[in-house]
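Here's the structure we're looking at; comments come further down.
Taken together, the values in this text are just the output of simple stated rules run on the coordinates, not laboratory data. Since we're looking at a predicted model, the values are computed, not measured. With ideal geometry, Cβ positions are generated from the backbone for all residues, glycine too; neighbour counts draw on all protein chains shown.
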């Protein structure tokens, strides 16, 4: 791992601003490459004043190149916004028996449960793990995935913000890097592998349960849709259920934080002229926060307003009253994602199977969900 100590800094700010300026002053990008085109290794070699072979060694075998030369190549790469091939030839030729894992956060217990399933399955198969988090940020996703690949992981289990619009997944596909998506639901006819529940169908069933309890004015509380395709799919499920019962869906209330108080926004909605009788929250952490905010506002759950979460984390059963939720098997999602990845490592030794695995979901009702108060449906 130590031989990659220089390479790890390729995308980081230069520790020596003067040196970075010298590259800019003394070397110019090849005029044959338009400024809006991606730089190549040839451009980097020319800018650094080294041969193509030396530039290649600076990335793939930096221990064989003078430190000053490696730094010059890295400075040139940074100046030209050059990204080395995610899998160099040396990475392709070796196996580390290490799996890279990228989850959005560990602050949400749903991903901690998933990590437990990943860890148990990987270690039992003799694989080590490297974990990074993306903070729901697509730019950080790319940086973290490149970090994992520079540490020679054999493959990855990933949860991304938007699998259908992910440039880094497109690049991994092009380069043949094995990975499996956890929680993201890949297209049924696509080439990507994923393990999840059916987010849209599970949300539709949860909202239908609220409607069956007598609720007609139901609002969705969500995180940012741009940060989670799961949240968008669950909102689509809400709209499906409302329309199926002849009810008009309302816009989602997208909150900036899952963990901070959002009492002002919740209060404006819960006490307004069109106040809902129930909230459907696109994850349990949001639901627990909403319940806390409602209590601060003097509203009783579920007597005054019902709250339904989505994820089924164990913490939800410990709050009072217990959180009603659409339940998904989080540890099993991690277990099955690793099992699918291991099968991808040796496709000749295992049956191909379906690329998209949809696990069953369930409903945990009662607790924070009850029939609406008379006249408040």
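Which order do 147, 127, 183 fall in if you start with the one that has the fewest other Cβ atoms within 10 Å? Before the final figure, lay out each step's value.
Details: 147 16, 127 21, 183 27.
So the ranking, lowest neighbour count to highest, is 147, 127, 183.
Return the ratio Rg/(2.2 N^0.38 Å) for region 180-256, where Rg is computed over Cα atoms only.
With N residues counted in region 180-256, Rg over 2.2 N^0.38 Å equals 1.18.
Arranged from fewest to most other beta-carbon atoms within 10 Å of their beta carbon, 311, 198 become 198, 311. If you take the alpha carbon atoms of region 126-236 and fit the smallest convex hull around them, that volume is 125 Å³ per residue.
Shape of region 216-286 from its Cα gyration tensor (a ≥ b ≥ c, root eigenvalues): rounded if a/c is under 1.5, otherwise prolate when a/b > b/c, or oblate?
Taking the square roots of the gyration eigenvalues as a ≥ b ≥ c, region 216-286 is oblate.
Can you bin region 199-329 into rounded, prolate or oblate? Criterion: square roots of the alpha carbon gyration tensor eigenvalues sorted a ≥ b ≥ c, rounded for a/c under 1.5, prolate for a/b above b/c, oblate for the rest. It is rounded, given that a/c, with a ≥ b ≥ c, falls under 1.5. The alpha carbons of region 284-342 occupy a box of 51, 15, 14 Å along the principal axes, longest dimension given first.
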